[in-house]
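Participant: My structure is below; once you've seen it, I'll send some questions.
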C-alpha cells in the first residue's frame, strides 16, 4: 500500500508543470520552516519541564582545550537538568550534543534574542538563520551580557535575520567593544576531515584585526599533522605553566603556536626563571620538572590476506580516531614523513567471549569490547569506544563472592559495553536501562518507555509508545 501511494505521488509530481513544481517546493520549504520553528518552541518547553536540581547538575558543554565548562545558553537563560537532553535527542534521532544545542538555541532565542524569536514564529526568519545567530551569541568570548545580546538582537531583527557569518562576527566584535566587555578572542579549533580533493590550507586573516590586537587563523591540515600540532600546543602550554606563566590555557596555547613559528622562544623563560623556581620546586638544572613530550598514536584497521609468506593489505581501512575512512596510500605517506614506530597487533577473534575473575577489566577484555562496539553504544552516540568507559550492563555485585552467591554481573564480554562518560553517568543516575540481546547488540529503554536498538550498523527506533503512554519510572541507582 505504501509503495502504491509513493508511486502515485511520484506520478502526480511528474504531471506538474514547471510553475506548479516551483510552487510545490516553495510550499514544502514553508512547511519545513514552520516545523523547525515549532521544534524550537517544543525544545524550550521541554527545558521548562526539567529545571536542574542544583547548579552542579545543570547541562553544560565541555569546551575542548579549556579548563572550564560553559552553560548551553548565555547569561540570563534558565538552567536545564543535565540528563533531560538525552531523551529529547533520541526521539529526534540526533546525538545528545545536538540536542543540547537545540535546547540552548531555543533558550537563547526566547530569553536573550526575543525579537528574532518572534520573527521566527511569525515566519519572517527561518529557524536555521536564527540558530546561527544564537550560536554566535552563546559562544562569544567574552560572554555577552543580557544588554549586549539585546543589542545584537535589535540589529539582526532589523534586517530580518539576513546576515552572513562574516557580518555576524563583525557585529559581535562591535558589540563587545561597544559594551566594553574585556576579554580575548575564542580559540577556534579548525574542523578536520578527509575530502576527495586536497583541502589543506593555512589562512591568516591579517586584514581583519580584532580590537584586542589579534587576528584569526584558519587551517585544514593532514590528520596526523593536526594531532602533532595538538600535542605540541598542549606541551607548549604546559611548559609555560611549569615556567611560571599564570595566563589562561587558551592564551598559553595561542602563545605556544607563536613559539612554534619562532622556534620555541618560550625556552628563554627556562634560563631566566630557573633560579627563581628552584626555591619552590624540585627543578634540576636539566629542567626535569618540565612536561615530557608525548607521541601521537593512531589506530588503523585494514583487512589483510595472506599470499604465501606475503601479507596483502586492502586499499581502504578504518581509522578509529573520528571513525574515518583511511586509504592505505595515505597511511604510507604519514609513516614515510617522519620516524614512525608501527606496531602490528594480533587479530582478536570477536566471536570468542572473554571473562575476568573480578570487577576490574583486564586490557585484553577492554580491547575486545573496544573493537566490537567501535563507538559508545547509547542510541545515536558516535564517541569512539577507545575513549569510553567499559560498563557492566548488569550491575556487578561486589558482595556476591563473599556471600557465596552467583555473580549477576560478571566481568564478561557478554556483559560489558562501551559507554562515553556522559551516557555512563546517565545510565547510572537515571532510569534509562539497556540489555545486550546478542554480542554487540543492545536494546535501550528510556524513562518514557521509548525503545532503541544499537548495533554495529547504527541505531534503530523500536515501537515508540503512543501519546500519553509510558509514564516515567521511579529512579533506581545503577553502576
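Participant: How high is the FRET efficiency between residue 225 and residue 159 when r is their beta carbon distance and R₀ equals 56 Å, given to the nearest 0.05?
Facilitator: Result of the calculation: an efficiency of 0.90.
Participant: Measure of size requested: the Rg and Dmax of the stretch 363-462, with Cα atoms as the atom set and Å as the unit; please supply both.
Facilitator: For the stretch 363-462, the Cα-based Rg and Dmax read 13.5, 41 Å.
Participant: Among 247-258, 354-365, 142-153, what's the highest-first ranking by average C-beta atoms within 10 angstrom per residue?
Facilitator: Most protected by this proxy first, the peptides run 142-153, 247-258, 354-365.
Participant: Sticking with this structure for a sec: What would the Debye equation give as log₁₀ I(q)/I(0) for the stretch 341-390 at q = 0.24, 0.30, 0.32 Å⁻¹, counting only Cα atoms as equal point scatterers?
Facilitator: One equal scatterer on each Cα of the stretch 341-390 leads to -1.00, -1.17, -1.21.
Participant: Limiting things to C-alpha atoms, what are the Rg and the maximum Cα-Cα separation (Dmax) for the stretch 300-455, in angstroms?
Facilitator: Radius of gyration, then largest Cα-Cα span, for the stretch 300-455: 18.6, 59 Å.
Participant: Can you bin the stretch 27-178 into rounded, prolate or oblate? Criterion: square roots of the alpha carbon gyration tensor eigenvalues sorted a ≥ b ≥ c, rounded for a/c under 1.5, prolate for a/b above b/c, oblate for the rest.
Facilitator: In terms of gyration-tensor shape, oblate.
Participant: Test of understanding: ordering 28, 307, 446, 98 by Cβ neighbours within 10 Å, fewest first, what list do you get?
Facilitator: The most exposed by this proxy come first: 307, 28, 98, 446.
Bear in mind that the values in this text are calculations on the coordinates, not laboratory data. All of these numbers come straight from a predicted model, not from anything done at the bench. Backbone-built Cβ (ideal geometry, glycine too); neighbour counts: all protein chains shown.
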